[in-house]
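What follows is one structure encoded as structure tokens, with my remarks underneath.
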Amino acid sequence: MHIDGKTQMVGIVGHGIAYTLSPAIHNAAFSDLEMNWIYVPLRVVPGALEPALLGLRVLGFRGCNVTIPHKLEAARCVDELRGAAGILKSVNTVVHDEGRLVGCNTDVEGFRAFLAEAGVRAAGSTTLLIGAGGAARAVALALAEEGAARIFVMNRSRERAAELEVLLKRVIPATEISLRTYDLEGSRVLGECDMVVNCTPLASRAGSELPLDYEGFTMDKWAIDLKYASRATAFMEEASARGAKTADGEGMLLHQAAASFRLWTGQSAPLRVMREAYRRALTAGNG
Ligand code: NDP
């Protein structure tokens, strides 16, 4: 890697990002395209996002990704919200455009691109969405934009699920949205669903804590876990044991990264190279 006075800078702003795979993914892309760019981790404690973004502006960063716990605050700190970021009030990518900070959300595009790549048909589908945080909102919007017929939402906190319901009903009323209780009974709509998307950090280990009636999984269903890990999560294993098709969060992560890359550089991203770098970093125990 060559760094000089013309090197363009981007990075990831977050708290607890010691194991982020994004620097490996983006730096591999810059290197492959022989671009004089660098992507660095930027550790920012909660409450310090605003001065951090001001600093990036002053230092001439081209932009940054934003991750836990700053996505919602970022939406309040930028000069302009664009596309899905304006709908969700959640920013995962900031683009610095001649002094102005533009907030974007590439998680929605990332999930839609994953669906297409994996061959998951969302149009007319019914989904059980577990979770109602930032990732769940992006997934719900992506499914609705793809023409999903119905989304059931179950979330530990009913309030957050209700916020997601209001948001989606306002933006895409054609998709029916129904809240379910966060328990086994709530999960018993599985029989009516084409896919279940786990948007919580649970169920990554054996002894799944998700209140899911796994008996409802059959061969025609998808079990999608947004978590990315070097092996299948307990949620995926349980679903797979009953014949369901499974996928983890790799596709969404790579496609949101590719979309951020395009926003900063104006060039299309070398997805194959980014995927290889991601898998190498995972195997090396970096994620
Ligand atoms: P948020 O903090 O915004 O939301 C977390 C969600 O998980 C909420 O619905 C929360 O419920 C629920 N939750 C957390 N802990 C528990 C618990 N102990 N019991 C029950 N529910 C719980 O996080 P994100 O939405 O940003 O991230 C969620 C997951 O998605 C993470 O695993 C993250 O790594 C992954 N992700 C993957 C991406 C990808 O590209 N593959 C992109 C973004 C996220 P409540 O509302 O009740 O607190």
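The values are calculated or read from the model by the stated rules, or taken from the named source; none is laboratory data. Since this is a predicted model, take the numbers as computed values, not measurements. So basically every Cβ, Gly included, is an ideal-geometry build from the backbone, and we count neighbours across all protein chains shown. Note: areas computed on protein heavy atoms with side chains; ligands, DNA, RNA excluded. Shrake-Rupley method; radii C 1.70, N 1.55, O 1.52, S 1.80 Å.
Listed values, structure above:
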| quantity | calculated |
| --- | --- |
| Residue 192 paired with residue 220, simple spin-label distance in nm, labels 7 Å along Cα-to-beta-carbon | 1.6 |
| FRET efficiency for residue 118 and residue 273, using Cβ-Cβ distance with R0 set to 22 Å, rounded to 0.05 | 0.65 |
| Euclidean distance of C-alpha centroids, the range 27-63 and the range 153-174, integer Å | 33 |
| Partner lysines for residue 221 [C-alpha distance under 18 Å; skip if fewer than 8 residues away on the same chain] | 245 |
| Partner lysines for residue 89 [C-alpha distance under 24 Å; skip if fewer than 8 residues away on the same chain] | 71, 169, 227 |
| Cut-off under 5 Å, modelled amide H: who pairs with residue 12 long-range | 40, 42, 65 |
| Highest-fluctuation residue, 131, 83, 251 considered, GNM on the chain with Cα pairs under 10 Å | 83 |
| Size of charge dipole - the range 108-248 - debye, nearest 20, with Cβ of Lys, Arg +1 and Asp, Glu -1, no other charges | 180 |
| Nitroxide proxy distance, nm - points 7 Å out along Cα→Cβ at residue 59 and residue 15 | 1.9 |
| Taking the C-alpha atoms of the chain, convex hull volume expressed per residue in Å³ | 124 |
| Spin-label model distance (nm) - residue 231 vs residue 68, 7 Å beyond Cα toward Cβ | 2.1 |
| Within the chain, helix-based [θ] at 222 nm, where runs of 4 or more DSSP H residues each add -39,500 (n - 2.57), nearest 500 | -11500 deg cm²/dmol |
| Apportionment of accessible area to carbon and sulfur, the chain, percent (1.4 Å) | 51 |
| Set of the range 31-68 residues, backbone N closer than 12 Å to the point 7 Å along the Cα-Cβ line of residue 280 | 31-32 |
| Difference of contour (0.36 nm per residue) and Cα-Cα distance, residue 79 to residue 171 | 30.9 nm |
